[in-house]
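The values are calculated or read from the model by the stated rules, or taken from the named source; none is laboratory data. Not measured: the values here are computed from a predicted model. Backbone-built Cβ (ideal geometry, glycine too); neighbour counts: all protein chains shown. Surface accessibility is based on the protein's heavy atoms, side chains included, excluding ligands, DNA and RNA. Shrake-Rupley method; radii C 1.70, N 1.55, O 1.52, S 1.80 Å.
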Amino acid sequence: MTTAISPEPSRVTAPISDFDPYAEDVLNNPYPHYEVLRELGPIVYLQRYGAYAIARHEEIDAVLRDHVTYCSSAGVGLANFHTEDPWRKPSLILEADPPMHGRTRKVVAGLLAPASINKLRATFEREAELLVDRVLDMGHLDAMPELCAAYPLKVFGDAVGVPAVGREHLLPYGDMVFNGFGPINERFKTRLAAAQESIAWIGKVCKRENLTPDGFGAQLYRAADEGDLAPEEAPMLVRTLLSAGLDTTAFTLCNAVLAFARHPDQWALVQANPAMARQALEEVLRFESTFHSFYRTTTKDVELGGVALPKEQKICVFIGSANRDPRRWERADVFDVTRRAAGNLAFGTGIHGCAGQMLARLEGEIVLTALAKRVKTIRLEGAPVHHYNNSVRGYDSLPISVTAA
Ligand code: OVM
């Protein structure tokens, strides 16, 4: 189940590594491992998984932009959908190639375009202010549930239009999806077994009758009414929004809170000038990318980084490493909110670049602005509890204390 189509070992001309990107000690701190991978060469063979890996910014940018050679329809996990059954029906956008991808992407991109998400700003700001009130009242809190998860569960849940009751299913569901972007390992199997109720809840709330009349979900059904989607595609794209939008934004907020707790000098800069929030968020995304890795699959024999790859070859793309590549970034391992972090690959690039990235940035900017205006200090009050996932990076628990400005 876990092995992709792999070349005969004798034919591998890339450096061979026994690196396991999914081991807990790697997930705790992958950056030194990424450095080793980048230094081994532009492309490396991961023998445990029968897949190649790229960890430098240059090759990653090139592969993500070349969706013809490096496709997504074979799945973006290690499993090759041409030879292995996916654990759920493939996404109509993430796990699709042109021309189908362009059609579904256009509809989703329309929903999430600046003109439409700017209408959410006032509501998002009000919710962030209410949440920061509560955070300051608590003083000591677990920032993961109380702040980082609470915010997107409220504002994104409302924006899509899912019922308030049962939203706790969104995080385990997304966790499943993001584990699926790695190998079918024990972590994946355990979480899949545990997520059955969440999978059922998601299936239910993707239906038209369970969505509010004005949210993104309802708008997808209206796109189907107008003939821009087939009727059965609307619930599938609601599923896409719910898969991609929760764990990612919650973990991004975790990574921001933790980065600022560990770098009080950087928080002081943002606190003194809340207008820096958007730029600071971009540096958080570069420094601690939420999304770390997924796969592309070759559609033909091709040369990459001087290595000949066969058709149907899985390539692991380490976005989290591209964002720390010293070939691209000065002082790549330094968290510096004054740098120009734009151009980082946290949201990917090319035709599959995150469709929700403007909404994700809006949420992050608004939360960081609300915190910057009211919170003087953020202190870590205990060891963060890492959340282990095959592709995203975040925490289950983040004990902090805050003081008012
Ligand atoms: C989807 C989907 C799910 C998770 C992530 C994502 C990173 C897309 O179901 O289409 O993009």
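May I ask you to verify whether Val392 is open to solvent by less than 10 Å² (accessible area, probe 1.4 Å), among the β-branched types (Val, Ile, Thr) and over 29 Å from Arg105 (Cα atoms)?
It is false that Val392 is open to solvent by less than 10 Å² (accessible area, probe 1.4 Å), among the β-branched types (Val, Ile, Thr) and over 29 Å from Arg105 (Cα atoms).
Considering only residues that are farther than 30 Å from Met176 by Cα and open to solvent by 20 Å² or more (accessible area, probe 1.4 Å), which ones fall in the stretch 270-299?
Answer for the stretch 270-299, where residues must be farther than 30 Å from Met176 by Cα and open to solvent by 20 Å² or more (accessible area, probe 1.4 Å): Gln271, Ala272, Asn273, Pro274, Ala275, Met276, Gln279.
For Trp329, work out the one condition from (1) in contact with a helix residue (DSSP H, G or I) (Cβ under 7 Å, 6 or more places away or on another chain); (2) assigned to a loop (DSSP other than H, G, I, E, B) it doesn't fulfil.
Only one criterion in (1) in contact with a helix residue (DSSP H, G or I) (Cβ under 7 Å, 6 or more places away or on another chain); (2) assigned to a loop (DSSP other than H, G, I, E, B) is unmet by Trp329, namely (1).
When you scan the stretch 4-30, how many residues do you find that are part of a helix (DSSP H, G or I), modelled with pLDDT under 90 and exposed (fewer than 10 other Cβ atoms within 10 Å of the Cβ)?
2
Can Gly102 be described as modelled with pLDDT of 95 or more and more than 16 Å from the ligand (Cβ to nearest atom)? Reasoning before the result, please.
Values: modelled with pLDDT of 95 or more: yes; more than 16 Å from the ligand (Cβ to nearest atom): no.
No, not satisfied.
Check off (1) open to solvent by 20 Å² or more (accessible area, probe 1.4 Å); (2) in a loop (DSSP other than H, G, I, E, B); (3) away from the ligand (no atom under 16 Å from the Cβ) for Phe335 and give me the number that stays unchecked.
(1)
Considering every residue within the stretch 304-314, establish whether at least one is within 14 Å of the ligand (Cβ to nearest atom) and either among the aromatic types (Phe, Trp, Tyr) or in contact (Cβ under 8 Å) with a residue 12 or more places away in the chain (or both).
The answer is no, given that none of the residues of the stretch 304-314 is within 14 Å of the ligand (Cβ to nearest atom) and either among the aromatic types (Phe, Trp, Tyr) or in contact (Cβ under 8 Å) with a residue 12 or more places away in the chain (or both).
Here are some conditions: (1) among the hydrophobic types (A, V, I, L, M, F, W, C); (2) closer than 26 Å to Asp175 by Cα; (3) more than 16 Å from the ligand (Cβ to nearest atom). Val317 meets all but one. Which one does it not meet?
(3)
Find the residue count for the stretch 192-211, including only residues that are assigned to a helix (DSSP H, G or I), within 16 Å of the ligand (Cβ to nearest atom) and within 19 Å of Gly157 (Cα to Cα).
6
Sort out which residues of the stretch 355-389 are open to solvent by 50 Å² or more (accessible area, probe 1.4 Å) and more than 15 Å from Phe251 (Cα to Cα), and write them in order of number.
Met358, Lys373, Arg374, Lys376, Thr377, Arg379, Leu380, Glu381, Ala383
Within the stretch 237-321, which strands (runs of 3 or more DSSP E) (wholly inside it) include 1 or more residues that are touching a Lys or Arg at 6+ places or on another chain (Cβ under 7 Å) and of a type in the set (A, V, I, L, M, F, W, C)?
314-318
Which helices (runs of 4 or more DSSP H) does the stretch 74-191 wholly contain that include 3 or more residues that are open to solvent by less than 10 Å² (accessible area, probe 1.4 Å)?
It comes to 100-111, 121-138, 150-160, 170-179.
Residue by residue through the stretch 254-267, note down the ones that are in contact with a strand residue (DSSP E or B) (Cβ under 9 Å, 6 or more places away or on another chain) and open to solvent by 20 Å² or more (accessible area, probe 1.4 Å).
Taking the stretch 254-267 and keeping what is in contact with a strand residue (DSSP E or B) (Cβ under 9 Å, 6 or more places away or on another chain), we get 254-255, 257-258, 260-262, 264, 267.
Those that are in contact with a strand residue (DSSP E or B) (Cβ under 9 Å, 6 or more places away or on another chain) and open to solvent by 20 Å² or more (accessible area, probe 1.4 Å): Arg262, Pro264.
Restricting to the stretch 42-68, name every residue that is out of contact with any helix residue (DSSP H, G or I) (no Cβ under 8 Å at 6 or more places or on another chain) and either open to solvent by 10 Å² or more (accessible area, probe 1.4 Å) or in a strand (DSSP E or B) (or both).
Tyr45, Leu46, Arg48, Tyr49, Ala51, Tyr52, Glu58, Glu59, Ala62, Val68
Would you check if Phe251 is of a type in the set (Phe, Trp, Tyr), within 13 Å of the ligand (Cβ to nearest atom) and buried (at least 20 other Cβ atoms within 10 Å of the Cβ)?
The answer is yes for Phe251.
With respect to Glu365, determine if the residue is more than 16 Å from the ligand (Cβ to nearest atom), part of a loop (DSSP other than H, G, I, E, B) and of a type outside the set (Phe, Trp, Tyr).
Answer is no for this residue.
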